[in-house]
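Just below is one structure, and these are the notes that go with it.
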Amino acid sequence: MQFRDLQRQYEALKPAIDHAMVEVASSGTFILGRKVEELESRLAEYVGVRHCVTCGNGTDALYLALRVWGIGPGDAVFVPDFTFFASAEVVSLVGATPVFVDVDEGTFNMSASDLERKIGMVRSTTSLRPKVILAVDLFGLPAEYLVLREIADRNGLLVLEDGAQGFGGCIGDRKACSFGDIGITSFFPAKPLGCYGDGGALFTDNESWADMARSYRAHGRSADKYNNVRVGINSRLDALQAAVLLVKIEVFDNELDAMDAVAAQYTSCFCDRAHCPIVPHGYRSSWAQYTLRFDNAQQRDAFRFAFSKKDVPTQIYYPTPLHLQPVYRDMGEAYCPVATRLSNTVLSLPMHPYLTIEEIERITQ
Ligand SMILES: *Cc1c(COP(=O)(O)O)cnc(C)c1O
């Protein structure tokens, strides 16, 4: 059994994907071009924003957003302490300071009350300028954007939605990656909407930000390719990846439904023995992970051992909160007790749309 079975998805979509890849091979256009433009319009329409700018991966998409906003040295960016490293890495990469915010134990997402505390702390004890709330849709569940937006407006901050895991999620009738002033996602193969290599995208309603992101992703070029108006990077999407994604987006909503069904079975089975993931009323998760939470590390480790004896793969996302990562450990006291506790008590189960009834049975038994 696989944790996320990508071959099975390929088997299901093989004729369409093979056709799309051969079409690219014979077109002679391999980087950006018409396929990528077609994908960008399709994704913008899906998410419900005006502009989609694809790029090389999700980390670059975050980086591009921060460059577009001119975030740099002396700026504070508020990042949840419990997430993949890239969410904070890009902040350091542009020379700004990540300020770690604790998370909510039930949803795993940024805690609004700790965010308020950390904004106050930055204002009263540092000379940093608070600039951006970088919220993460962890494990597929959108962060609490209604509350985060109100805090952002009250404090004059921008919201950057890290939807690398959240693409496909919703709050009401609004889709993930549309909640930030800029939203981003990743098409890394194991993400909810994955391609066959690296890929990423940035979403916004702001046309001049979208234009700047297109410039930054291609060496800071202007409309004239060899006229460089800023220092950018090389971060473009391949036509092959766009072709694969255009096939996969057509079945994506069905895949989300299939994962909702798996999640419901897991929850009805495990809710007596563990804390199952919470999807607040009106929210939808894209189930990048299905993550159980236990009361202590011993219980978690005992469950993990029991699964492994039955050859059920499990993963720990994430074993170390960001403020305890070796590169960030010396930044001073971050005080994120919930994130620290979660790193010792969470366990993610196999989750993908192609789990069989037999596999689900083996896992739940
Ligand atoms: C995967 C991930 C990223 C980075 O995406 P890549 O495409 O791997 O660069 C950023 N943030 C989060 C929360 C992620 O899970």
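The values are calculated or read from the model by the stated rules, or taken from the named source; none is laboratory data. Treat the numbers as computed from the prediction; the structure is a model and nothing was measured. Note that each Cβ is placed from the backbone with ideal geometry, even for glycine, and that neighbours are counted across all protein chains shown. For accessibility, only protein heavy atoms count, side chains too; no ligands or nucleic acids. Shrake-Rupley method; radii C 1.70, N 1.55, O 1.52, S 1.80 Å.
Assuming 0.36 nm per residue, please report the length gained on full extension of the stretch residue 309 to residue 92 beyond their Cα-Cα distance.
74.0 nm
Quick check: residue separation of residue 146 and residue 362 times 0.36 nm, minus the Cα distance between them. What number comes out in nm?
Full extension from residue 146 to residue 362 adds 73.8 nm.
Using the reciprocal of the averaged 1/r over all distinct C-alpha pairs, how large is the Kirkwood radius of segment 143-251 in Å?
After inverting the mean inverse Cα-Cα distance, the result is 15.4 Å.
Would you please put 61-73, 40-52, 177-189 in order of how densely packed they are, using the mean number of other Cβ atoms within 10 angstrom per residue and starting with the highest?
177-189, 61-73, 40-52
So if we plug the beta-carbon distance of residue 316 and residue 219 into 1/(1 + (r/R0)^6) with R0 = 45 Å, what FRET efficiency do we get, rounded to 0.05?
0.70
What percent of all Cα-Cα pairs in segment 89-211 falls in each 5 Å bin, counting up from 0?
With a bin width of 5 Å, the distribution comes to 2, 11, 19, 23, 21, 14, 7, 3, 1, 0.
Give me the compactness ratio for segment 1-132, meaning the Cα radius of gyration over 2.2 N^0.38 Å.
1.43
Exceeding 24 Å between C-alpha atoms, which entries from my cross-link table qualify? They are 35/131; 14/35; 118/191; 248/309; 191/225.
As for pairs spanning more than 24 Å Cα to Cα, those are 35/131; 118/191; 248/309; 191/225.
Mind giving me the FRET efficiency for residue 271 and residue 27? R0 is 51 Å, r the Cβ-Cβ distance, nearest 0.05 is fine.
That gives a FRET efficiency of 0.50.
Hey, got the Cα dimensions of segment 42-94 along the principal axes, in Å, largest first?
Result for segment 42-94: principal-axis Cα extents of 36, 25, 19 Å.
Running a GNM on the chain with Cα contacts under 10 Å, which residue among 302, 176, 210 ends up with the highest mean-square fluctuation?
302
For residue 41 and residue 207 in the same chain, what is the full-extension length gain: residue separation times 0.36 nm, less their Cα-Cα distance, in nm?
Length gained between residue 41 and residue 207: 58.4 nm.
7 Å from Cα along Cα→Cβ at both residue 154 and residue 173: what's the point-to-point distance in nm?
2.9 nm
Summarise the accessible area of the chain (1.4 Å probe, protein heavy atoms) by the percent that is carbon and sulfur.
52 percent
Starting at the first residue of segment 198-213, write each ³J(HN,Hα) from the Karplus equation 6.51 cos²θ - 1.76 cosθ + 1.60 with θ = phi - 60°, in whole Hz, x for Gly and Pro.
Each residue's phi maps through the Karplus curve to give 8, x, x, 7, 10, 10, 7, 8, 8, 5, 6, 5, 4, 4, 5, 5 Hz.
Would you mind working out the accessible area per residue for the chain, using a 1.4 Å probe, and quoting it in Å²?
Ligands and nucleic acids excluded, the result is 43 Å² per residue.
Dipole of segment 102-259, Cα-centred, from +1 at each Lys and Arg C-beta and -1 at each Asp and Glu C-beta, to the nearest 20 debye?
Rounded to the nearest 20 debye, it is 840 debye.
Expressed as a whole percent, how much of the Cα-Cα distance distribution for the chain exceeds 28 Å?
Of all Cα-Cα pairs in the chain, 44 percent lie more than 28 Å apart.
Quick one: which residues, 5+ away or cross-chain, put their amide H under 5 Å from the amide H of residue 158? H built at 1.01 Å from N.
Placed amide hydrogens put 132, 133 under 5 Å from residue 158.
If each of residue 34 and residue 302 carries a label point 7 Å out from its Cα toward its Cβ, how far apart are those two points in nm?
6.2 nm
Measuring from label point to label point, each 7 Å out along Cα→Cβ, what is the residue 254 to residue 325 span in nm?
Output for this residue pair reads 3.8 nm.
Only Lys, Arg, Asp and Glu count, each charged at its Cβ (+1, +1, -1, -1), so figure out the dipole size of the chain about its Cα centre, rounded to 20 debye.
680 debye
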